[in-house]
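Written below as structure tokens is the structure these notes are about.
The values are calculated or read from the model by the stated rules, or taken from the named source; none is laboratory data. Note that this is a predicted model, so its numbers are computed, not measured. Here the Cβ positions follow ideal geometry from the backbone for every residue, glycine too, while neighbour counts run over all protein chains shown.
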Amino acid sequence: MKKSYLIILTAIAFFTIWACSTNPLTGRQSLSLVSNAQLFPQSFAQYNQVLKDNKVDKTSANAQMIDRVGQRIKYAAEKYYSQIGRGSDLKDYQWEFSLIQSDQLNAWCMPGGKVAFYTGILPVCKDDGGVAVVMGHEVAHALAGHSAEQVSNAMVAQGLMVGGNVAISNAQWRDTFNQLYPVGAGLTMLKYGRGMELDADEAGLYLMAMAGYNPMEAISFWERMNNATSGQQTPPEFLSTHPNPGNRIAQLKSIMPKAMEYYNQSPYKGK
Ligand SMILES: [Zn+2]
């Protein structure tokens, strides 16, 4: 009896280790029961649908700014991942940076590097540095597998896990994904937990610094965001699960010295 109990405990421990992924930028661990191979095709299809259903600005100076900053953040991520021997983590990414015409104050990155900014967030971003704050944060959510974590949590909650495997048909899988990403309908997005938000803030700050954007810009960006939204009764989607600006700025200041080191070493610094 005791022996079988021990075997079960060992199995659970192994399973938990196997099912956890570590954010290489922050060290935070998360539950991951779904693979990129399962997640990315759904994500790419949804993204294409969003681009089809909305007005996409492809040529303006603002659209060029989104792409320019996105390419630099992508470059920084690829360089860092290959330096730490995890370059293969990013091999199935299909990066894309789009600007959607919408008053919503929002931006997101779907699994596999599919990014959208809405024109409504641009006045708060102001310039490349401000865009880099948001870009770094959203790309960090994707790199850290926060979506996979949310999908995994939803599958566990829905009882779709059997003996450590995801026992799920293609249709169930698609439904789960669509519940989490109802982007086609109302352009709402997956809500992340606060732990994930602070994790993305930290990893995002390092990414923007590695890409040569002054990380101090993040403090001014969140102050502008606070001013832009403080009078509103319902916070915009982008902020609905986010930590309060005071906490967020305090955390950013505490990790600023490490971010400044990345910034000072970046080949893009000052460009
Ligand atoms: Zn976030």
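Of all residues in region 36-66, those that are closer than 17 Å to GLN94 by Cβ and touching a residue at least 40 places away in the same chain (Cβ under 8 Å) total 15. Inspect all residues belonging to region 5-19 and state whether any of them is closer than 29 Å to GLU197 by Cβ and either modelled with pLDDT of 80 or more or in contact with an Asp or Glu (Cβ under 6 Å, 6 or more places away or on another chain) (or both). No, because not a single residue in region 5-19 is closer than 29 Å to GLU197 by Cβ and either modelled with pLDDT of 80 or more or in contact with an Asp or Glu (Cβ under 6 Å, 6 or more places away or on another chain) (or both). Each residue in region 58-88 was checked for being part of a helix (DSSP H, G or I) and touching a Pro at 6+ places or on another chain (Cβ under 8 Å), and 2 pass. If you filter region 41-57 down to residues that are assigned to a helix (DSSP H, G or I) and hydrophobic (A, V, I, L, M, F, W, C), you find that the one that is surrounded by the fewest Cβ atoms within 10 Å (Cβ to Cβ) is ALA45. Could you check, for region 75-98, whether at least one of its residues is within 16 Å of the ligand (Cβ to nearest atom), at pLDDT 95 or above, buried (at least 18 other Cβ atoms within 10 Å of the Cβ) and closer than 22 Å to TYR192 by Cα? No - not one qualifying residue is present in region 75-98. Against the numbered list (1) surrounded by fewer than 23 Cβ atoms within 10 Å (Cβ to Cβ); (2) at pLDDT 85 or above, ALA200 comes up short only at (1).
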